[in-house]
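The values are calculated or read from the model by the stated rules, or taken from the named source; none is laboratory data. If you're wondering where the values come from, they're calculated on a predicted model, not measured in any experiment. When we count neighbours, we look across all protein chains shown, and the Cβ atoms used for this are built from the backbone with ideal geometry, even at glycine.
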């Protein structure tokens, strides 16, 4: 992509947008950045733009944003926002930050998407590469913008990137060497006209440009995905926890082993009891990571070592402390119903569940049986508190995270688990899910 002397607008002046702007500036583009947020909210990023002599505006999208031949949008900018629709109507090409970074990336790319498990799987693949001593970076939706790391990559390295549906919405040529599709369940439907079909189509874009030279690793047990991959031209590698596969990765439950299968040739990777992260959802994540590592020629020994050592990621079923026989667990990254479902199935003990935030079109039907069997009390928080109270029994509404933690601690007895697993976005009370999780942890440590 030649951007030299071209006028390019970047929408969004946070992490992804500023990284994109810096990359474009380095390659000679005339960059302008626009963000609807107030100056105070994004001051640290604006300082970076000023230091690098990049023009910007805040608080509005003026007519100047359309004085360009290309618009790059951050993941937080909806496809149906007026600035995007207006740009498209004027004939301006609109791409995502991931698409931009792809054009400047010399390395092999492993891209991971799904409704749940993206961060864990991305981090686990990174851990496997580290175990094998392979040159790599972990980036994308995981907290480090893809465009901020491409300059450090070479043809001998691998970019392991987590990509969200928002980042896939505006790709054109993005073609990972290995794409990983973990699962597709209702999430972010508010951004897709409450259409599961539109949301699924967005996820499927991860493999739309792949050929038989590239690999698509996918969840065989997910009916939505199994239907989508029929259209893929990539070399397919499925994984399953339910059936034995001719080719791919699966769990042999009789012998409690993870098996890598290539037709008649079968290899034991690791015993399931040796895997460092627990729960059926993490078995799926592990199977996906194993396949991604193997197609990149990483040894089974390095894979097994990493699987044993990997203990999960922050804000995902993260143990905070035990107090008076009560365990406190931070699962702030659980921003949809399926995440909460899998979190609850990971515990045998009674749970006091802190649930709620900014609703994304949630249907709680799937959650009701497991809540009935596992949860003794729900503490409802945030904008969705009243909806949750109407959906479930034994619900108390808290008007702050402080009140939620205090209520949960008051209801809990020895042997119970207090679980923050909100099933909702965090933006009603917090900056992001990390902020929500950190506040929860701080309050728990003060009990």
Is one or more of the residues making up the range 227-237 assigned to a strand (DSSP E or B), in contact (Cβ under 8 Å) with a residue 24 or more places away in the chain, in the same structural domain as residue 280 (by TED's automatic domain parsing) and within 23 Å of the chain's Cα centre (by Cα)? yes
message: Scan the range 279-302 and tell me whether some residue there is assigned to a strand (DSSP E or B), more than 24 Å from residue 313 (Cβ to Cβ) and more than 20 Å from the chain's Cα centre (by Cα).
response: no
Taking the range 270-285 and keeping residues at pLDDT 95 or above, touching a helix residue (DSSP H, G or I) at 6+ places or on another chain (Cβ under 6 Å) and under 19 Å from residue 220 (Cα atoms) leaves 285
**OP:** Restrict the check to the range 393-400 and report whether at least one residue is under 26 Å from the mean Cα position of the chain (by Cα) and at pLDDT below 95.
**Re:** no
*Check the range 260-275 and report whether any residue there is crowded, with 20+ Cβ neighbours inside 10 Å and under 21 Å from the mean Cα position of the chain (by Cα).*
no
By residue number, the members of the range 349-370 that are assigned to a loop (DSSP other than H, G, I, E, B) and touching a residue at least 60 places away in the same chain (Cβ under 8 Å) are 349, 350, 357, 359, 360, 361, 362, 363
Taking the range 304-314 and keeping residues over 25 Å from residue 332 (Cβ atoms) and either part of a loop (DSSP other than H, G, I, E, B) or in contact with a strand residue (DSSP E or B) (Cβ under 6 Å, 6 or more places away or on another chain) (or both) leaves 304
Checked 70, 85 against criteria (free of Cβ contacts under 8 Å to residues at least 24 places away in the same chain and more than 23 Å from residue 214 (Cα to Cα)); the one match is 85
Taking the range 407-429 and keeping residues in contact (Cβ under 8 Å) with a residue 40 or more places away in the chain and more than 13 Å from residue 333 (Cα to Cα) leaves 408, 409, 411, 412, 413, 414, 415, 416, 417, 418, 428, 429
Within the range 371-397, the count of residues that are touching a helix residue (DSSP H, G or I) at 6+ places or on another chain (Cβ under 8 Å) and free of Cβ contacts under 8 Å to residues at least 24 places away in the same chain comes to 3
Those residues of the range 124-178 which are within 13 Å of the chain's Cα centre (by Cα), within 12 Å of residue 99 (Cα to Cα) and assigned to a helix (DSSP H, G or I) amount to 166, 167, 168
Being modelled with pLDDT under 95 and touching a strand residue (DSSP E or B) at 6+ places or on another chain (Cβ under 9 Å) narrows 69, 62, 37 down to just 37
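Residues are listed down the side, and each one gets a yes or a no for (1) in contact with a helix residue (DSSP H, G or I) (Cβ under 8 Å, 6 or more places away or on another chain); (2) under 20 Å from residue 86 (Cβ atoms):
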{"position": "8", "(1), (2)": "yes, yes"}
{"position": "18", "(1), (2)": "yes, no"}
{"position": "27", "(1), (2)": "no, no"}
{"position": "31", "(1), (2)": "yes, yes"}
{"position": "34", "(1), (2)": "yes, yes"}
{"position": "41", "(1), (2)": "no, no"}
{"position": "44", "(1), (2)": "no, no"}
{"position": "50", "(1), (2)": "no, no"}
Flagged in the range 315-348 as assigned to a helix (DSSP H, G or I) and at positive phi, in numbering order, are none
Exactly one of 301, 262 is more than 29 Å from residue 441 (Cβ to Cβ) and modelled with pLDDT under 95, and that residue is 262
Please verify whether the range 80-91 includes one or more residues that are assigned to a helix (DSSP H, G or I), assigned by TED's automatic domain parsing to the domain that holds residue 148 and either touching a strand residue (DSSP E or B) at 6+ places or on another chain (Cβ under 7 Å) or at pLDDT 95 or above (or both).
no
